[in-house]
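Heads up: the structure comes next, in structure tokens.
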Amino acid sequence: MRWIIISIFLFTAIESKSQGKGFEQELQPAVFSLTMVMMHDVVNPPAAARFYTYATLGAYDFMAKMNKELLRPSTFFSHYRELEIHPDLKKLDPGFTAIYCIYEAGRELLPSGFMLEKQLTAFEEKYRKKGISTAKLEYSKEIARKYVAHVVAFSKTDRYNKLSTRIRYTPSRQAGSWYPTPPAYMEAVEPNWKTIRPMLLDSGEQCKPLPPVVFSTDSTSAFHLLAKEVYDVANAANQEQKEIAAFWDCNPFAIASSGHMNVGFKKISPGGHWMNIASIASTKARLPLDKSIYVQVITAATLMDGFISCWDEKYRSNRIRPETYINRQIDSKWMPLLQTPPFPEYTSGHSVISAAAAEVLTHLFGDNFSYTDDTEIMFELPARSFSSFRQAAQEAAISRLYGGIHFRDAIDNGVTQGREIGAIIVSKLKGSSVVVR
């Protein structure tokens with residue numbers, strides 16, 4: 001994957017205090033390795049954001065000890081307590097330790113984490129050949145493993161391991177309620193995700209959106225007009241609108257039917273897309289490793305909390321998808337441009353998490369931070385350029401209308417919900433000396 005590198009720098013960068021010099025180029029491959037394993041495992045979007053958060057937290061905790069300019073993680077992650085160890089700094093390499101933390105955390109946390117062992121071995125061998133002594137590598141790995149063990153233990157307290165013990169979700173037959181959609185008619189994804197402990201928000205209900213438009217089958221009703229808009233816009237979508245819909249699809253569950261056979265296509269999650277945007281921005285800004293890790297962990301936690309907030313609403317309103325309504329009330333043969341994801345409609349998840357991430361990245365890098373996003377090149381989709389993170393978030397949101405998978409109010413109110421989440425998180429980060437204003 002190629003990277004667009006242009007020079008702009010809104011972070012303080014006192015080189016004598018920044019840690020991990022020379023390892024900046026290793027961060028994006030490490031995080032992207034997590035993405036590839038999650039694509040292999042078809043990890044759902046909320047769970048993916050959770051994995052990104054814990055996989056980068058240990059590295060940040062470690063780096064915050066190395067650079068006192070960085071906020072300690074407990075400053076904004078109220079439930080987290082840092083690992084209090086005092087390694088011999090002469091015996092370790094900070095950059096190697098931080099990157100090793102990310103690979104090792106992914107290995108421990110992800111269902112197919114064993115797939116990262118090859119990358120871990122290659123990473124270690126690369127720096128062994130560059131002249132880091134075996135003793136320093138081994139000590140650095142020892143310290144990294146202690147941070148990873150600490151974070152893994154912390155991750156086990158967020159109620160994730162209790163999800164499988166909850167009552168199985170059963171779709172409602174009530175008019176206007178969500179029901180599984182074609183082609184696979186998959187069961188609802190993570191109906192109890194609202195029970196996961198947030199990282200930065202007080203609870204999933206903290207940024208509850210406005211109620212959705214009231215369901216109705218009356219052809220003159222506001223709800224029917226919402227459905228008619230989806231139908232008309234998707235049917236008349238021009239080439240650019242189709243490209244926008246495809247670029248932001250980010251559906252890990254995509255399935256194509258061929259006769260009696262269903263074929264699955266593995267794609268990056270919405271959170272994975274925004275994690276890559278964070279990497280692109282850090283590379284463009286030429287951030288040192290420690291501050292790039294700060295960007296990663298804050299972006300990941302924002303995404304995690306955004307999904308908790310959004311899923312809290314999804315299973316409260318439990319609203320029908322456009323495809324189901326349109327097939328029943330307007331056109332029985334109609335199909336959306338994008339495949340409908342397997343969970344309730346309101347609010348739009350991509351709208352929520354994109355708006356939240358955009359607010360946080362705007363705080364970190366400034367408004368009007370232009371960049372080129374080539375995340376989807378691996379899926380043979382051309383790169384797209386943006387003048388700001390907020391512009392990208394707006395495009396991600398409207399892509400759901402072009403794709404035919406969300407109603408307008410779920411998109412607009414989802415953006416508002418995401419901005420509120422982002423604003424709360426930004427207020428918790430304003431004490432950081434990492435940002436220059």
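Values quoted throughout were computed directly from the atomic coordinates according to the rules given, and no laboratory measurement underlies them. Predicted model only: the values in this text are computed from it and were never measured. Here Cβ is always computed from backbone atoms with ideal geometry, including for glycine, and neighbour counts include all displayed protein chains.
Quick look at the numbers
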{"read-out": "Normalised contact order of the chain, rounded percent, pairs of Cα under 8 Å and 6 or more residues apart", "value": "24"}
{"read-out": "Three-way shape label, the stretch 323-379, alpha-carbon gyration tensor, a/c 1.5", "value": "prolate"}
{"read-out": "Only Lys, Arg (+1) and Asp, Glu (-1) charged, at Cβ; the stretch 266-381 dipole about Cα centre in debye", "value": "260"}
{"read-out": "Global form of the chain, assessed from the alpha-carbon gyration tensor, a/c cut-off 1.5", "value": "prolate"}
{"read-out": "Extension gain (nm, one decimal) between HIS86 and SER112, 0.36 nm per residue minus Cα-Cα", "value": "6.2 nm"}
{"read-out": "Neighbour-count order for LEU225, LEU289, LEU303, LEU70, fewest beta carbons within 10 angstrom listed first", "value": "LEU225, LEU70, LEU289, LEU303"}
{"read-out": "Added length on full extension, which subtracts the Cα-Cα distance from 0.36 nm per residue, ARG328 to HIS40", "value": "100.2 nm"}
{"read-out": "Two-site FRET efficiency, LYS130 against ASN161, from Cβ-Cβ distance with R₀ of 35 Å, rounded to 0.05", "value": "0.30"}
{"read-out": "For ASP373, residues with placed amide H under 5 Å, excluding near neighbours", "value": "ARG384, SER385, PHE386"}
{"read-out": "In the stretch 24-160, lysine pairs closer than 20 Å at Cα, eight or more apart or cross-chain", "value": "28"}
{"read-out": "Cβ-based exposure ranking for MET378, MET66, MET199, MET36, in which fewest neighbours within 10 Å come first", "value": "MET378, MET36, MET66, MET199"}
{"read-out": "Charge dipole magnitude, Cβ of K and R +1, D and E -1 - the stretch 24-160, Cα centre, debye nearest 20", "value": "160"}
{"read-out": "The stretch 27-35 - phi-based ³J(HN,Hα) in whole Hz, Karplus 6.51/-1.76/1.60, Gly and Pro as x", "value": "5, 4, x, 5, 5, 5, 5, 4, 4"}
{"read-out": "Reach of LYS228 by Cα under 16 Å, taken over lysines that are not fewer than 8 positions away in the same chain", "value": "LYS333"}
{"read-out": "CD proxy at 222 nm, helix term only [per DSSP H run n ≥ 4: -39500 (n - 2.57); per residue of the chain; nearest 500]", "value": "-17000 deg cm²/dmol"}
{"read-out": "For ARG319, residues with placed amide H under 5 Å, excluding near neighbours", "value": "TRP178, GLU345, TYR346"}
{"read-out": "HN-Hα J in Hz across the stretch 219-225 - Karplus 6.51, -1.76, 1.60, θ = phi - 60°, x for Gly and Pro", "value": "5, 9, 6, 4, 5, 4, 5"}
{"read-out": "Additional length obtainable on full extension of the chain from ASN238 to VAL214, 0.36 nm per residue less Cα span", "value": "5.6 nm"}
{"read-out": "Cα-based helix-to-principal-axis angle, 117-129 vs the chain, degrees rounded to 10", "value": "30"}
{"read-out": "Burial ranking of peptide ranges 103-112, 56-65 (average Cβ count within 10 Å, highest at the top)", "value": "56-65, 103-112"}
{"read-out": "Equivalent ellipsoid semi-axes, the stretch 24-160, via Cα gyration tensor eigenvalues times 5, rooted, Å", "value": "23, 20, 12"}
{"read-out": "Spatial separation of Cα centroids for the stretch 98-121 and the stretch 18-95, in angstrom", "value": "12"}
{"read-out": "Principal-axis tilt of helix 270-284 within the chain, Cα atoms, nearest 10 degrees", "value": "40"}
{"read-out": "Spacing of the two label points (7 Å from each Cα toward its C-beta) at SER177 and LYS68, in nm", "value": "5.9"}
{"read-out": "For ASP373, ASP202, order by how many other beta-carbon atoms lie within 10 Å, fewest first", "value": "ASP202, ASP373"}
{"read-out": "Between 0 and 90°, nearest 10: helix 94-109 axis offset from the chain longest Cα axis", "value": "40"}
{"read-out": "Given charges at beta-carbon only (K, R positive; D, E negative), |dipole| of the chain in Debye", "value": "900"}
